[in-house]
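Please treat every number below as a calculation from the coordinates, not as lab data. Keep in mind that what you see is a predicted model, and the values were worked out from it rather than measured. Reconstructed Cβ throughout: ideal geometry from the backbone, glycine too, with neighbour counts over all protein chains shown.
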Amino acid sequence: MFDTEIPAMDMLIRLSVAAGLGLLLGLERELRGKAAGLRSHMLVSLGSSAFIMMGLDIMFSTAAGDPSARIDPTRIVQGVIGGIGFLGAGSIIQSRGSVQGITTGASIWTSGAIGVACGIGNFVLAGMVTMLALIIMVVLGRFEREVMDGN
């Protein structure tokens with residue numbers, strides 16, 4: 001068993017919450033018939049959570065050792081954000097002069113932020129981001145469609 005500052009049960013809880021909250025965003029996309037749905041959002045959130053926990057584990061394990069070996073966990077967040085941006089960009093397509101998939105790309109990116117929040121154990125932030133993202137995607141999406149159909 002690895003010696004870590006984050007107990008195994010806490011890791012499982014963080015990963016499970018990340019996957020569960022990612023599922024909520026993915027479900028909205030799935031119900032709309034978008035390419036990136038349940039599994040994509042869950043995996044992005046889960047992976048983001050795992051990466052930040054790995055970074056924290058490395059930081060904790062090197063804290064007592066050589067100061068030059070310490071890492072900055074914000075650099076891991078930066079890498080996660082960049083990688084997820086690449087995935088989100090892949091969901092955006094241009095077809096006959098119109099751009100599609102921007103909301104899905106943004107929801108993938110947001111799913112990564114939720115995963116990072118879960119990875120550091122900030123479930124309140126993760127829950128708030130999920131709630132606000134769902135309001136934006138569902139409520140404002142419905143409003144946007146009504147306004148567009150009304151014109």
* To do: Work out, in µm²/s and without decimals, the Stokes-Einstein translational diffusion coefficient of the chain at 37 °C, 0.692 mPa s, Rh from Kirkwood over C-alpha pairs.
  => 200 µm²/s
* Unit charges at the beta carbon, dipole of the stretch 8-150: most positive-side option, 31, 73, 47 -> 31
* 10 °C / 1.306 mPa s Stokes-Einstein diffusion coefficient of the stretch 79-138, Kirkwood radius on C-alpha pairs, µm²/s -> 129 µm²/s
* Asked: Roughly speaking, what is the stretch gain from residue 135 to residue 99, that is 0.36 nm per residue apart minus the C-alpha to C-alpha distance, in nm to one decimal?
  -> 10.7 nm
* To do: In debye, nearest 20, what is the charge dipole magnitude of the chain about its Cα centre with +1 on Lys and Arg Cβ and -1 on Asp and Glu Cβ, if you could check?
  => 520 debye
* Asked: Ranked by Cβ crowding within 10 angstrom, fewest neighbours first, how are 15, 21, 31, 46 ordered?
  -> 31, 15, 46, 21
* At 7 Å along the Cα-to-beta-carbon direction for both residue 35 and residue 62, put a label point, then send me their distance in nm to one decimal. => 3.7 nm
* Structure fact -> One checks the Cα atoms of the stretch 1-63 and finds Rg and Dmax, in Å, of 14.3, 47
